[in-house]
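Enquirer: Okay, handing you the structure first.
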Amino acid sequence: MAREKRISVDNYAVAAVPRLGWSGWARWFWRQVTSMRVALILLLMLALAAIPGSVLPQWPQDAAATRAFIEGNEFWGPVLDVSGFLDVFGSPWFTAIYLLLFASLIGCIIPRTGAHYRALRAPVSPAPRSLARYAERRTLSVPDAQAAMDAAAAMLRPEPRWWGAVTGYRVRVDHRQGGDGPELALTADKGHVREIGNLLFHVSLVGILMAVAMGSVLMHRGQAIIVEGRSFTNAVVAYDSFEAGALFDPASLSPFTLTFDSLDSRFDTDGRPRSFQANVTLTEPGLAPWSTDIQVNRPLQVDGGKIYLQGNGYAPDFTVRDSDGNIAFAGPVPFLPQDSFYTSDGVVKIPDVTSGPQLGIKATLLPTAIMDIDGPRSVHPDPANPVIFFSVYTGDLGLDRGIPQNVYILDESEMNPVHDAAGDVAIVAIALGDTVDLPDGLGTVTWETLPRFVALDLRADPSLPWLLVFSILSLLGLGLSLFGSRRRLWLVAPAASGTTVVTGAAYAPLYDETLGTRLHQVLDAVATKEQA
Amino acid sequence: MNAQTLSVMALWAATTLYSIAMLAYAVRFSRMAEVQGATKRQSLVTAGAPTSPESGTVASQPQPPAPDRALGIARATMLVGALFHMLGVGARAVEAGHVPWSTMYEYTITGSLVTVLVFLGVQARRDIAYLGAGVSGLAAVSLGLALSVLYAASTGLPPALQSFWLIIHVSIAIIATGVFAVAFIATIAQLIRDRYESVSPRPEGRLARGAHSLPPAAALEALAFRLNAVGFVLWTFTVMAGAVWAEHVWGRYWGWDPKEVWSFVIWVIFAAYLHARTTQGWGGRRSAYLALVGFVALIMNFTVVNYVFQGLHTYAGP
């Protein structure tokens, strides 16, 4: 037959087996994927595959470090980048592992749900012929076997509540022919709650995965830096950076306005942060403006998301006059903190000079400046003695090339620093409120004020409630599946009238420590009932 | 004496007492081995006597005279050590003015306390004195390391930690760690016993007699599983509570921060362990190895991840 193939069974025998067709292979593959062994291997692979994500720099977590890593490792950098090791959790191989794992999970729970449903409806299996092989075994002398069975059954039968049928014992009593004549045999069985919990846990995991997937297409988040006294209107263009899922509708953004009024920051004497509170005024469409605050652990709930306080710093306000005495630049410039003492770097780009080349300023702010043998440095984040050191660059800022520029970096390809008489790069110090001359008679700079800025994050993810619900369900299911007890209890007694001996036995997995106690309780209850 | 001095002195006292307890437990263990060796030789003499078929699987061998004095010393020093330990952790909380688990030092002193308390709690219900040497040794080493290497004076909480989620998320993580630690010791005992049982004829020698005094490997596996199951549920809750807190403070519930990666890895390893237990050919020794790997990953998450990797959880670091 064409559909058969001969394979060797061992060294001496060959057998004809049906050839696996397309559907045969598919079935084989499905059976492999859904087997426990493969699920186990996939789990171990998942754990192993996640580790590089913590060891190597990752694009989504730290793009700058990742870029530096690629540049610093001429061979391995690009190789690891191409093979997905620098974005492990978005890489095809990581995705493949967890999708296979979920396929395995679904393929496992669907048949199990059916089997468990049938098991729930199937009658309890009768007591074994002999109880001798069970370790947990006791006997009790009773005056009436039937009454003893009734008492035990009454005790073990679940209370008539809706969950009793699931969590309680299921009991059956048989009159049957035993080895030594007719006997009464009682079986009590419970353990469904374990399987139900197990199924609930796995179904909830699928729910979590679906909620995550839903979140990734519907979410949006944006970052904005706002200087003290300024406002921000919620629109995609207003954010410094914005990302959204494929199904996000930009028109759905609620056009509220947020004004950053002031920042309350507290540091201890060593400069460690103690609290940050951004005082803001929120104006939602159709509502009166109201004052509120955003703290690190207390995001602000707005229509369509939450606003988080992610960072803060200083944005010194400068007025720059060019060599002709005209104001070429005026306004606050956010300086990014570089250390815990808020030593902050910033760049002022001055394209609109009356005559001559464009100006650029690279500056470092020291909020509490001191001078020691290593030179000037900041010793506290509070502005006790703010000093800015800067150098001036002239040339072409490169703003007209149509390429978006990083506002915190001066493009030095067409700019040259101004040197002092000794031939070094001229460094100028300025204190708050002062006006200093730029070197080479390029103009003057006035440092007007020192406002704060905050970095705010707006995030919205409509999947969060689903995620929470499925997480709680999975935790519940896990608890039930691990701590629900699975027990069988039997009582067997000769069906003779008069005093007789009831033999009780119980069986449960080895870790069930209170099994013996339960058997005791049942027999005690029987004894009490009989005496009464 | 202020709270800081009191805390450090009480913790050093606890370290010393745990060390004594460990020695006493070890002495007791080796005496048990001697006694059992002796009864074994005795039973060889009486071998051949008819045994009741009814005795079945119920082990009804005569209880050997236990080396009670060493056990008494071990239990007493462990208990008093735990009291000093509680005093030390409590005084640290008073000194710091917040829950004592915001830095590595605080996490270690509280985590080792939980390990000891879990042991004492289980011990109250069933005899697990054979794990005493391991647990008290682990507690003494981690306390000693905490005091000598990790110690950092209390400096108050940074804004990111000023949340009631610190109480929930980290306390459950610590309890999970403590439970996993006792399970780890039980798993090691299981593997020792398993090795002893797998050799035929049963080996002689001091170590083998020690293994002989342990419960059967299947019983140890059951104990380790029970503890690991509790630990796993607690760890699941830790990860979920962490996600809720992360959503609250960082604006995203999951961002593959190194600590999150490793918490995930640990979760997956223990999930694999639970699956392995019920997989043909993976029960017993193989799944026990997985549990050990899981605990090693847990320790890695606490040490290597804190020291080596940069992440958002760095305030927990040194």
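Enquirer: Mind listing whichever residues of the stretch A:374-400 are within 41 Å of the chain's Cα centre (by Cα), of a type outside the set (S, T, N, Q) and not in a loop (DSSP other than H, G, I, E, B)?
Expert: Within the stretch A:374-400, A:Arg377, A:Ile388, A:Leu399 qualify.
Enquirer: Looking at A:Arg19, is it free of Cβ contacts under 8 Å to residues at least 24 places away in the same chain, surrounded by fewer than 14 Cβ atoms within 10 Å (Cβ to Cβ) and more than 14 Å from chain B (Cβ to nearest Cβ)?
Expert: Yes, satisfied.
Enquirer: How about the stretch A:131-152: which of its residues are small (Gly, Ala, Ser) and crowded, with 17+ Cβ neighbours inside 10 Å? Steps first, answer last, please.
Expert: The first filter runs over the stretch A:131-152 and keeps only residues small (Gly, Ala, Ser), leaving A:132, A:135, A:141, A:145, A:147-148, A:151-152.
Matches in the stretch A:131-152: A:Ala145, A:Ala148, A:Ala151, A:Ala152.
Enquirer: Do any helices (runs of 4 or more DSSP H) entirely within the stretch B:114-214 hold 3 or more residues that are under 27 Å from B:Thr303 (Cβ atoms), and if so, which?
Expert: B:132-145, B:171-198
Enquirer: Looking only at the stretch A:272-307, which residues are hydrophobic (A, V, I, L, M, F, W, C) and in a strand (DSSP E or B)?
Expert: Matches in the stretch A:272-307: A:Phe276, A:Ala278, A:Val280, A:Leu282, A:Trp290, A:Ile294, A:Leu300, A:Val302, A:Ile307.
Enquirer: Here's a follow-up. Could you pull out every one of the helices (runs of 4 or more DSSP H) wholly within the stretch A:57-134 that has 1 or more residues that are within 20 Å of the chain's Cα centre (by Cα) and at negative phi? Before the answer, list the steps.
Expert: Values: elements: A:63-72, A:76-82, A:92-121.
Once the helices (runs of 4 or more DSSP H) in the stretch A:57-134 are filtered for at least 1 residues that are within 20 Å of the chain's Cα centre (by Cα) and at negative phi, what remains is A:63-72, A:92-121.
Enquirer: If I ask for residues that are more than 7 Å from chain A (Cβ to nearest Cβ), more than 26 Å from A:Gln61 (Cβ to Cβ) and either touching a Phe, Trp or Tyr at 6+ places or on another chain (Cβ under 8 Å) or among the charged types (D, E, K, R) (or both), which ones from the stretch B:274-295 would you list?
Expert: B:Leu274, B:Arg277, B:Arg285, B:Arg286, B:Ser287, B:Leu290, B:Ala291, B:Leu292, B:Phe295
Enquirer: Looking only at the stretch A:487-505, which residues are more than 13 Å from chain B (Cβ to nearest Cβ), on the phi < 0 side of the Ramachandran plot and not β-branched (Val, Ile, Thr)?
Expert: Passing the criteria: A:Arg487, A:Arg488, A:Leu489, A:Trp490, A:Leu491, A:Ala493, A:Pro494, A:Ala495, A:Ala496, A:Ser497, A:Gly504.
Enquirer: Applying the selection to the stretch A:444-483, what residues are touching a helix residue (DSSP H, G or I) at 6+ places or on another chain (Cβ under 8 Å), open to solvent by less than 10 Å² (accessible area, probe 1.4 Å) and of a type outside the set (Ser, Thr, Tyr)?
Expert: Answer for the stretch A:444-483, where residues must be touching a helix residue (DSSP H, G or I) at 6+ places or on another chain (Cβ under 8 Å), open to solvent by less than 10 Å² (accessible area, probe 1.4 Å) and of a type outside the set (Ser, Thr, Tyr): A:Gly477, A:Leu478.
Enquirer: If you don't mind, there's one more thing I want to ask. Can you run down the residue pairs with Cβ atoms below 6 Å, 6 or more apart or on separate chains, where the first is in the stretch A:105-127 and more than 17 Å from A:Val166 (Cα to Cα) and the partner is part of a helix (DSSP H, G or I) and hydrophobic (A, V, I, L, M, F, W, C)?
Expert: A:Ile109/A:Leu199
The values are calculated or read from the model by the stated rules, or taken from the named source; none is laboratory data. The structure presented is a predicted model; accordingly, all values stated were derived computationally and were not measured. Note: ideal-geometry Cβ built from the backbone for every residue, glycine included; neighbour counts use all protein chains shown. We work out accessible area using only protein heavy atoms, side chains counted, and drop any ligands, DNA or RNA first. Shrake-Rupley method; radii C 1.70, N 1.55, O 1.52, S 1.80 Å.
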